[in-house]
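Take a look at the structure set out below.
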There are 2 protein chains.
Amino acid sequence: MVTFSSFVRTDSAPVYTQIIQYIQRGIAAGTIQSGDELPSRRMLSALLGVNPNTIQKAYRILEEDGLIQSHSGAKSYVSAAPEQREKIREQLLTDDIRKLVQALRQSGLEKTEAAALVERLWDEPES
Amino acid sequence: MVTFSSFVRTDSAPVYTQIIQYIQRGIAAGTIQSGDELPSRRMLSALLGVNPNTIQKAYRILEEDGLIQSHSGAKSYVSAAPEQREKIREQLLTDDIRKLVQALRQSGLEKTEAAALVERLWDEPES
DNA sequence: CGAACCGTATTATTCGACTAATACAGTTTA
DNA sequence: TAAACTGTATTAGTCGAATAATACGGTTCG
């Protein structure tokens, strides 16, 4: 069962995109595997405090991308092809880091400072 | 004169917040200094291809935060107190990196891998 | 079988970001 | 002084994200 225990809504991005990213990152990391059962639309909507339609939108897009499978009436399952996994992983990573690098550059940071800051904040993700 | 030559609209965040961040990062980096002249609402709206009201919204918030000053009829100028600068800088940096650390963690990366990836992508920010 | 789930679909409504058009008063400068 | 800028304000409209309230048919399991 895919759990959303570590799901946190940080930025102001649409919820449905954050749900998509959460699944994608889980698949990339291997913590979410093919065959895993997904929470139902209604259950997840209650858990995250959003509307069922919002979950449906996220799941529909994930299915169009071939990452999950839904059959009317039955539960939904993860179905990520092994070939997709590394592709997703690399794309997510480079996207994330590119955004950060651009932001840090604009703030006037140097390369080694940036890397050191990442290492330092890695161990203290709170507050 | 504050130039927007390196302004790029990456993510789907609201334009007015991106404009605010652009000024904030510039102040943090020192590339935008107190006393610098800002482009007029109309001019910047034409340059960025957005509505003048969008620029006005960004400028208004920046003025409420005490980072710029506007006088009806005259031009607008940067007015960031020295004490604010380091504060803004630190806040922006930690916010950026925290977001990244969380994303990289979720993708199953390790600390040293993450730092190395940042250093590597620092020198090749294109495609 | 039948209740309790499930996915799916529809319509209406709210809300914020953004556009569009326009107006008015203050400042600058030729 | 007068034109050409400025900042500021108002009103109306579009658009996508998200909510709300249902409804229908398929699946699961006691």
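The values are calculated or read from the model by the stated rules, or taken from the named source; none is laboratory data. Keep in mind the model is a prediction, meaning the values are calculated, not measured. All Cβ positions, even for glycine, are placed from backbone atoms using ideal geometry, and neighbour counts span all protein chains on display.
Before moving on, here are some points about what is shown:
- Complete set of residues in region B:2-44 that are within 14 Å of DNA strand D (Cβ to nearest atom) and outside any loop (DSSP other than H, G, I, E, B): B:VAL15, B:TYR16, B:ILE19, B:ILE23, B:GLU37, B:ARG41, B:ARG42, B:MET43, B:LEU44
- Whichever residue in region A:30-62 is more than 7 Å from DNA strand C (Cβ to nearest atom) and among the charged types (D, E, K, R) and, among such residues, is farthest from the other protein chains (Cβ to nearest Cβ): A:GLU37
- B:GLN84 vs. criteria closer than 26 Å to A:ALA116 by Cβ, within 19 Å of the chain's Cα centre (by Cα), more than 14 Å from chain A (Cβ to nearest Cβ) and surrounded by fewer than 21 Cβ atoms within 10 Å (Cβ to Cβ): yes
- The listed residues are B:GLU124, B:GLU37, and the only one of them that is under 22 Å from A:GLU110 (Cα atoms) and surrounded by fewer than 16 Cβ atoms within 10 Å (Cβ to Cβ) turns out to be B:GLU124.
- Within the set B:ARG89, B:ARG105, the sole residue that is modelled with pLDDT under 90 and either at the interface with chain A (Cβ under 9 Å from one of its Cβ atoms) or within 22 Å of the chain's Cα centre (by Cα) (or both) turns out to be B:ARG105.
- Condition broken by B:GLY26, with the remaining ones in (1) in contact with a helix residue (DSSP H, G or I) (Cβ under 9 Å, 6 or more places away or on another chain); (2) under 30 Å from A:VAL15 (Cβ atoms) satisfied: (2)
- Which listed residue is out of contact with any helix residue (DSSP H, G or I) (no Cβ under 8 Å at 6 or more places or on another chain), surrounded by 12 or more Cβ atoms within 10 Å (Cβ to Cβ), not assigned by TED's automatic domain parsing to the domain that holds B:ILE20 and not hydrophobic (A, V, I, L, M, F, W, C), from B:ASP95, B:ASP65: B:ASP95
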